[in-house]
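Take a look at the structure below.
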């Protein structure tokens, strides 16, 4: 198995070499390679078209499913060009996660888009997926596919913080106070930007991508397993940093089996 | 006490009329018309006028400055996030650092300094003037604005019957805030499709507003909060850094576009 890790300027705190080393240790038979941006190999004359494709995946409204007919405006394409070329660090657009995977797959080396290769892209892009049950988009930390996308911004924004946090944040904003002051009040109860714990947390999500390729299911229902699909920050912190074991017995066994087979 | 000059009412009236008429006639044709005298419009105007361009800012209110007088919730402290304090430094506005990267200044001080900077640079204003429509030329290029008096526009059309007038220009900047009035006029004609406000993620909207500032249609640049409406970016909280820097970017884009029009 070959694992390729890409970093699209995800976060300064993200150490992809450390994640690669972690995967090598856990998956003895896997070769793990760290590459730079997934766009490094995109020819200059293809950047414009790719930027347009990415801009088309932008979610304009969380309560309206993205229409494939929506044409991006020129400035949206220009912004995406600057992102592809690494000329801007600004982020904040929300993309349709599945559509984004589809576009990212077009920049993966064709010869590596087959069984035996796992591509994991760390990005600071935020993405969401549409839920037909309640007719709205939901933010996601990761979308697993070919490639798997893991959002460092999603790790901060997608799993919800404590309800009390949002209530106080609203109060702060109404009063013109900076909500950044709330961080101290809640201690280390949630992952934040510039968080030194990011790499450690990201290791668990990289393993989810690996399990997606090994078993077809990236998640586990055990709250203490690193494959747990956390919807709250408290759950994320527990599964990735505070659990008494790294993987639940079932997934530890699967991992052992993979290494020994 | 030194006595005031003996000037009659009619001289005062003549001075106002002739002064206004002279300026109005001069600015019927300009290099750039900016619609909206909020922080982004004033910044764009200041920077363009500093480059020697003939700039007219159209403002529907009597006062200039838009929301820059008030920081939020009717409280007159305005905040900017780093790196926008650079503009406060340039303007000579004192501020304090509330927390790392968050700066606060007095709204009246910041706003009046920005207005003064625009005036000093040579920007002229048509206040109490509403934007009604765009002038389109050369394959739908925006080439001017149609304006009227605010009080006329505020009355029912049935009892006013005052036709607007048109001002020609080489570039229009929409700095009308959330309304994006100029862009909306193009949308009514099917020339531009705006995205409306995105609903999420206020924290990151400032970066995106600056990133998306630019020409949305030939002859029309969008700046400030109008950028959010045009591109579906998240609605922003009461902080002004992006407005100031977006105005700066709008001026740069306008200068580039105007230069390229000269060179063909």
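Observations on the structure shown:
- Restricted to segment B:131-225, the set of helices (runs of 4 or more DSSP H) holding at least 2 residues that are within 14 Å of chain A (Cβ to nearest Cβ) comprises B:181-188, B:205-212.
- Count of residues meeting criterion [over 26 Å from residue B:228 (Cα atoms) and at pLDDT 80 or above] in segment B:157-179: 7
- When restricted to residues that are within 14 Å of chain B (Cβ to nearest Cβ) and surrounded by fewer than 18 Cβ atoms within 10 Å (Cβ to Cβ), segment A:153-175 contains 9.
- Filter result for residue B:103 (over 18 Å from the mean Cα position of the chain (by Cα) and at negative phi): yes
- Considering segment A:87-122, and only residues there that are closer than 30 Å to residue A:24 by Cβ and within 14 Å of chain B (Cβ to nearest Cβ), the residue that is surrounded by the fewest Cβ atoms within 10 Å (Cβ to Cβ) turns out to be A:89.
- Among the residues of segment B:94-109, those that are more than 13 Å from chain A (Cβ to nearest Cβ) and either out of contact with any strand residue (DSSP E or B) (no Cβ under 7 Å at 6 or more places or on another chain) or over 11 Å from residue B:78 (Cα atoms) (or both) comprise B:94, B:108, B:109.
- Of residues in segment B:19-36 being under 30 Å from residue B:240 (Cβ atoms) and assigned to a loop (DSSP other than H, G, I, E, B), the one farthest from the chain's Cα centre (by Cα): B:27
- In summary, residue B:98 fulfils each of the numbered conditions (1) assigned to a strand (DSSP E or B); (2) surrounded by fewer than 19 Cβ atoms within 10 Å (Cβ to Cβ); (3) at pLDDT 95 or above with the single exception of condition (3).
- Restricting attention to segment A:131-144, the residues that are away from chain B (no Cβ under 14 Å) and either within 20 Å of residue A:199 (Cβ to Cβ) or touching a strand residue (DSSP E or B) at 6+ places or on another chain (Cβ under 9 Å) (or both) total 5.
Let's see how each residue does on (1) without any contact (Cβ under 8 Å) to a residue 24 or more places away in the chain; (2) at positive phi; (3) within 14 Å of chain A (Cβ to nearest Cβ); (4) under 18 Å from the mean Cα position of the chain (by Cα):
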residue: B:17; (1), (2), (3), (4): yes, no, no, no
residue: B:38; (1), (2), (3), (4): no, no, no, yes
residue: B:65; (1), (2), (3), (4): no, yes, no, yes
residue: B:68; (1), (2), (3), (4): no, no, no, yes
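- Listed by position, the helices (runs of 4 or more DSSP H) inside segment A:1-110 whose residues that are in contact (Cβ under 8 Å) with a residue 40 or more places away in the chain, out of contact with any helix residue (DSSP H, G or I) (no Cβ under 8 Å at 6 or more places or on another chain) and on the phi < 0 side of the Ramachandran plot number at least 2 are A:97-105.
- When B:72, B:66, B:107 are checked against the criterion of being surrounded by 16 or more Cβ atoms within 10 Å (Cβ to Cβ) and out of contact with any helix residue (DSSP H, G or I) (no Cβ under 7 Å at 6 or more places or on another chain), B:72 stands alone in meeting it.
- Of all the criteria given as (1) more than 12 Å from chain A (Cβ to nearest Cβ); (2) under 19 Å from residue B:225 (Cα atoms), the one not satisfied by residue B:55 is (2).
- Taken residue by residue, segment A:223-232 has no member that is assigned to a helix (DSSP H, G or I), touching a helix residue (DSSP H, G or I) at 6+ places or on another chain (Cβ under 7 Å), surrounded by fewer than 18 Cβ atoms within 10 Å (Cβ to Cβ) and in contact (Cβ under 8 Å) with a residue 12 or more places away in the chain.
- Taken over segment B:44-59, the residue count meeting the criterion of being buried (at least 21 other Cβ atoms within 10 Å of the Cβ) and over 8 Å from the mean Cα position of the chain (by Cα) is 7.
The values are calculated or read from the model by the stated rules, or taken from the named source; none is laboratory data. This structure is a prediction, so every number in the text was calculated from the model and none was measured. Ideal geometry is used to build each Cβ from the backbone, glycine not excepted, and the neighbour counts take in all protein chains shown.
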